[in-house]
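Please read the structure below before turning to the comments.
Just so you know, all these numbers are worked out from the coordinates, no wet-lab data involved. In this text the structure is predicted, and so the values were computed from the model without any measurement. Cβ atoms come from the backbone with ideal geometry, glycine included; neighbour counts cover every protein chain shown.
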Amino acid sequence: MAKKLVALFVMCVIVVTAMQAREAEAANTVTFDNCVVQCQYECKAAGDGYPQCTFTCKTICSAEKTQLRVRLMNEFQLKKYSLS
């Protein structure tokens, strides 16, 4: 009986984690797309060409996406282990 309860608990943790990951990924995708569009608009307005803007914007926005992902993971960990 105890093994079944432990297995159930582990499955619940996995499901909750997967749901949180999906929400975070959806937020990252929207943020990344908006970042690239805005960056390319500004880059082209500055007179740079398409290849330069694409490379620069994807680099900048990928770094921002990674920072957001790390921040969301840290917030999730804080919520997960908070006592409140």
Theoretical FRET efficiency, 1/(1+(r/R0)^6), r = Cβ-Cβ of GLU75 and THR31, R0 22 Å, to 0.05: 0.90
Interchain or long-range residues, amide H under 5 Å from ASP48's placed H: none
Two-decimal log10 I(q)/I(0) for segment 28-79, as the Debye equation yields it once each C-alpha is a single scatterer, q = 0.13, 0.21 Å⁻¹: -0.36, -0.70
Per-peptide average of other Cβ atoms within 10 Å, ordering 38-51, 2-15 highest first: 38-51, 2-15
Straight-distance crosslink candidates among lysines, where the alpha carbon sits under 20 Å from LYS44 and sequence neighbours closer than 8 are dropped: LYS58
